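Heads up, the thing below is written out as structure tokens.
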Amino acid sequence: MIHPVVIIISIFAVIIVSALGTALIRRRIFTRTYSALMTRDYPAFFREVDSKGMMSMFPEYVRDNLKLTAYMEMKDSGKVTETFNRMMKDGADDARKGDLLVRGFQYFSGEKDRKKVRKILEKMEQVMDRDISEKYRRHYEILFERSGKYIPELEKEVPLHQNRMKGYLQFLLARSYRNAGREKECLPLLKQAAAEYHVTAGELESVVRVL
């Protein structure tokens, strides 16, 4: 007769081996999918992300997250909107929604889609801490509402920072100057901001993200 302890140990051994095997399979499937995404081999990526293995091993949110990245890189605004809206409705908690909203804000800002950015901002203000959402409100009002009201606070903030954060604030201040009709102060500041990002002034807006 087999001792009960031996049976228990055997069961645990089977569970551990099974878990390790599953983990290796998950890793292999994810690596194939992620590698295709990183190399921008989109036909291979979509085959992998919708494969039976991927669907059985990973929840829909993970697969949608990868698809959203692909659609954003492909600049397929229709698919980005469709995937973004589906992910927002999947019952995610506020933290996960916050991360998703940030991605949506950045993408549609780059697309200069004022209407979508405003809707995302309104949602941000419902689920994110106020000190964080206020940064996005300031960014939105300067770039899309052409506000100049933040000039005094930005003039105080710029000297307090270095590197990319300084460049971001210089960018906001430069655009605020432009909104206020102070173009002579805007242009030199845009060049300084571009230098912090190591790009040209013409490339600056395409690389700026809310910091």
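The values are calculated or read from the model by the stated rules, or taken from the named source; none is laboratory data. Predicted, not measured: the structure shown is a model, and the values here were computed from it. Only protein heavy atoms, including side chains, enter the accessible area calculation; ligands, DNA and RNA are left aside. Shrake-Rupley method; radii C 1.70, N 1.55, O 1.52, S 1.80 Å.
Helix 4-38 axis versus longest C-alpha principal axis of the chain: approximately 40°, rounded to the nearest ten. Got a number for carbon plus sulfur as a percent of the chain's accessible area, 1.4 Å probe? It is 56 percent, rounded to a whole number. With helices as the sole contributors, the chain gives -25000 deg cm²/dmol at 222 nm; each DSSP H run of n ≥ 4 counts as -39500 (n - 2.57), and the sum is divided by every residue. In the context of the full set of protein chains, residues of the chain present 61 Å² of accessible surface per residue (probe radius 1.4 Å, heavy atoms only).
Gain in length, VAL199 to ARG40, computed as 0.36 nm per residue apart minus the alpha-carbon separation, to one decimal in nm? Taking 0.36 nm per residue and subtracting the Cα distance, the gain is 54.9 nm. Starting from the Cα-Cα distance between LEU24 and SER51, subtract it from 0.36 nm times their residue separation and give me the gain in nm to one decimal. Full-extension gain reported as 8.0 nm. Each Cα pair under 8 Å and six or more residues apart adds its sequence gap; the mean of these over the residue count of the chain is a relative contact order of 11 percent. Cross-link pairs exceeding 18 Å in C-alpha to C-alpha distance, out of LYS89/LYS116; LYS135/LYS156; LYS79/LYS116; LYS123/LYS149, comprise LYS123/LYS149.
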